[in-house]
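S.K.: Please find one structure pasted underneath; my questions will follow.
The values are calculated or read from the model by the stated rules, or taken from the named source; none is laboratory data. From a predicted model like this one, the values you see are computed outputs, not experimental measurements. Virtual Cβ from ideal backbone geometry, glycine too; neighbours counted across all protein chains shown.
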Amino acid sequence: MTTGPAPAPGDADAHWLRRAIDLSHRCPPSTTAFSVGAVVVAADGTVLGEGHSRRDDPHDHAEEVALREVDPDDLRLVGATLYSSLEPCSSRASRPRSCSALILTTPIPRVVLAWREPAVFVDCDGAERLRSVGRTVVERPDLADGVREVNAHLLG
Ligand SMILES: [Zn+2]
């Protein structure tokens with residue numbers, strides 16, 4: 001099992017977000033969807049699940065791949081943090097549930113993202129949606145360059 005620093009504001013958040021950004025580089029190329037990486041980390045720094053866009057299926061989003069690896073009954077989710085290189089989506093055409101909706105089916109209380117989704121494909125309000133029901137959302141725009149870089153071809 002992969003472990004690292006216990007999720008916390010500052011260097012630990014940066015460590016795990018960099019891991020998510022590293023994962024985004026594994027995404028199969030796409031001209032119609034962002035390349036994203038996501039990691040779910042327990043309070044003690046144990047990785048509970050991780051994933052990247054289009055890993056198992058062309059429609060896969062990183063957050064849902066990472067959450068697919070997580071046991072929904074794992075009590076550690078109550079103190080876990082989900083790291084995503086991009087803001088979790090709030091609507092999508094290909095699947096019934098957006099990533100923000102999927103996150104809300106878990107007790108994960110804290111989400112850290114590097115880059116707010118730009119309105120290229122859809123207008124995303126994932127961060128607002130999560131905050132509106134009491135989840136903590138931390139943005140680390142200082143790490144967004146790495147996310148823009150892997151998605152540069154989509155930004156024209
Ligand atoms: Zn999504």
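S.K.: Check R148 against each of (1) modelled with pLDDT of 95 or more; (2) touching a strand residue (DSSP E or B) at 6+ places or on another chain (Cβ under 9 Å) and name the one condition it does not meet.
M.R.: The failed condition is (1).
S.K.: Something else: Kindly indicate the residue of the range 77-105 that is out of contact with any Ser or Thr (no Cβ under 7 Å at 6 or more places or on another chain) and assigned to a helix (DSSP H, G or I) and also nearest to the ligand (Cβ to nearest atom) among those meeting that condition.
M.R.: Among those residues, the one meeting the criterion is C99.
S.K.: Continuing with this model, one more query. Please enumerate the residues belonging to the range 120-156 that are small (G, A, S) and either within 16 Å of I21 (Cα to Cα) or within 15 Å of the ligand (Cβ to nearest atom) (or both).
M.R.: Of everything in the range 120-156, those that are small (G, A, S) and either within 16 Å of I21 (Cα to Cα) or within 15 Å of the ligand (Cβ to nearest atom) (or both) turn out to be G126, A127, A144, G146, A152.
S.K.: For the range 145-152, indicate whether the set of residues that are part of a loop (DSSP other than H, G, I, E, B), loosely packed, with under 15 Cβ neighbours inside 10 Å and in contact (Cβ under 8 Å) with a residue 12 or more places away in the chain is non-empty.
M.R.: Within the range 145-152, none of the residues are part of a loop (DSSP other than H, G, I, E, B), loosely packed, with under 15 Cβ neighbours inside 10 Å and in contact (Cβ under 8 Å) with a residue 12 or more places away in the chain.
S.K.: Another question about this same structure. Could you please let me know if L104 is touching a strand residue (DSSP E or B) at 6+ places or on another chain (Cβ under 9 Å) and either closer than 20 Å to L130 by Cβ or without any contact (Cβ under 8 Å) to a residue 60 or more places away in the chain (or both)?
M.R.: For L104, the condition - touching a strand residue (DSSP E or B) at 6+ places or on another chain (Cβ under 9 Å) and either closer than 20 Å to L130 by Cβ or without any contact (Cβ under 8 Å) to a residue 60 or more places away in the chain (or both) - is not met.
S.K.: Check the range 23-35 and report whether any residue there is closer than 21 Å to W115 by Cβ and either among the acidic types (D, E) or in a strand (DSSP E or B) (or both).
M.R.: No, because not a single residue in the range 23-35 is closer than 21 Å to W115 by Cβ and either among the acidic types (D, E) or in a strand (DSSP E or B) (or both).
S.K.: With respect to V47, determine if the residue is at pLDDT 95 or above, away from the ligand (no atom under 13 Å from the Cβ), outside any loop (DSSP other than H, G, I, E, B) and β-branched (V, I, T).
M.R.: Yes.
S.K.: For the range 110-119, enumerate the residues that are surrounded by 15 or more Cβ atoms within 10 Å (Cβ to Cβ) and away from the ligand (no atom under 13 Å from the Cβ).
M.R.: Residues satisfying the conditions are R110, V112, A114, W115, R116, P118.
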